[in-house]
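Undergrad: Sharing a structure, written as structure tokens. Questions coming.
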Amino acid sequence: MASRVSTTGATVTHHLALQVEGLRVSYGPKVAVDGVSLDINEAEIFGLLGPNGAGKTSTLSAIEGLVKPDAGSIRVGDVDARANPAAAKARMGVQLQSTSFQSNLTIREIVRLYAGLYGVALTRAGIDDLLADVHLGEEASKRFSQLSGGQQKRVSLLIATIHSPPLVLLDEPTAGLDPQARRQLWDRIERLRDIGRSILLTTHSMEEAQAVCHRVAIIDNGKLLTVDTPTGLIEKHKDDPRVRKAVLRALLEADLTVQLRNGRALLLTFFPPLAVFYGLSTAKRGAQLGGAIVNVALALTLGIALIAILGYTASVARDRELGVFQRLRVTPAPTWAIMVSRLALQILSMLAMYGDF
């Protein structure tokens, strides 16, 4: 149980589903988790957000009992997980980042197996009802490997919650899913919250954190940097120069990738600057031949530059039509950064061409 001061100044008491203090995990000389402390309230969805290799999975593995921490305490409800791991595991449901089940068992048989491991008595009809509830009734006789990625995630989540645990740990639950399957899984996670479950999920997607999490902790290089609501995090860090730099870097990387994978976009990016500087070079070489040639070359240069600007405008308009621009606009990235990214790429390509001349 923990006490906090609310925004009104009143003291609010929360029952904690999970409390982690000073957690440290290392693999040989490498420290993967360095002094992480966090707590999760009952019926709360808590996100652990960070890039690959930040320490998210190692933190979950220590809570799950898969790795032995070097230091720190872990309490699941009122159970000391390090002193009584079996009791702690009984209160947890776990969906691993990569899940594999016995290849020769059907989905129905896998559910029966894990129900038995958790001491849950289920009839065949009961199992079929559970599968129907997650829209897998028709797949009950299939093997796990025969399911789509979204269906496999649903099976994994069903197994993780088959014993109705008060705490559910989900390690990047929507990784590799298409947008529709991701949204469906988010709905199921929210349903778990609605019936009183507490959920700790890891993700490297701020979109996912905003969609389902009450609070988010940011972890990087094994250290917990900050904890706040998704909205609070955005407001707190939106003017941080480091955040702006990261936003521009992400946009530039994405725009460059699009250009390199799209022949038409590649031509649009590099041909106009090449033509522009060819025209300038021609103007320089022709300067001694007379004003008429110089004027023609400059006119050609300006005309092609105009084409380049129109091409840039057309590419932005195309993205707007396809919904790409709107999707970027609903992220915390400022509109100016979204627009400047592609313009910067155009300028960089022009400078690269200029260097050749």
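Undergrad: Which one is modelled with the lowest pLDDT, of the residues in the stretch 98-121 that are under 25 Å from L177 (Cβ atoms), part of a loop (DSSP other than H, G, I, E, B) and among the hydrophobic types (A, V, I, L, M, F, W, C)?
TA: Result: F101.
Undergrad: Before we move on, is G55 over 23 Å from the mean Cα position of the chain (by Cα) and either closer than 24 Å to V155 by Cβ or touching a residue at least 60 places away in the same chain (Cβ under 8 Å) (or both)?
TA: Criteria not met by G55.
Undergrad: Regarding L233, is this residue at pLDDT below 85 and not in a loop (DSSP other than H, G, I, E, B)?
TA: Judged against the criteria, L233 is a match.
Undergrad: Go through the stretch 60-97 residue by residue and tally those that are in a loop (DSSP other than H, G, I, E, B) and more than 27 Å from G176 (Cα to Cα).
TA: Number satisfying all stated conditions: 10.
Undergrad: Filter the stretch 38-92 for residues that are surrounded by fewer than 18 Cβ atoms within 10 Å (Cβ to Cβ) and among the acidic types (D, E) and give the result.
TA: E42, D70, D78, D80 - these are the residues of the stretch 38-92 that are surrounded by fewer than 18 Cβ atoms within 10 Å (Cβ to Cβ) and among the acidic types (D, E).
Undergrad: Kindly indicate the residue of the stretch 192-210 that is over 21 Å from L16 (Cα atoms) and open to solvent by less than 40 Å² (accessible area, probe 1.4 Å) and also modelled with the lowest pLDDT among those meeting that condition.
TA: My answer is S205.
Undergrad: Do we have any residue at all in the stretch 174-188 that's at pLDDT 90 or above, open to solvent by less than 50 Å² (accessible area, probe 1.4 Å) and out of contact with any Leu (no Cβ under 7 Å at 6 or more places or on another chain)?
TA: No, the stretch 174-188 contains no residue that is at pLDDT 90 or above, open to solvent by less than 50 Å² (accessible area, probe 1.4 Å) and out of contact with any Leu (no Cβ under 7 Å at 6 or more places or on another chain).
The values are calculated or read from the model by the stated rules, or taken from the named source; none is laboratory data. Note that the structure is predicted; figures quoted are calculated from it, not measured. Don't worry about glycine lacking a Cβ; one is built from the backbone with ideal geometry, like all the others, and counts go over all protein chains shown. Side chains included, ligands, DNA and RNA excluded: accessible areas come from the protein's heavy atoms. Shrake-Rupley method; radii C 1.70, N 1.55, O 1.52, S 1.80 Å.
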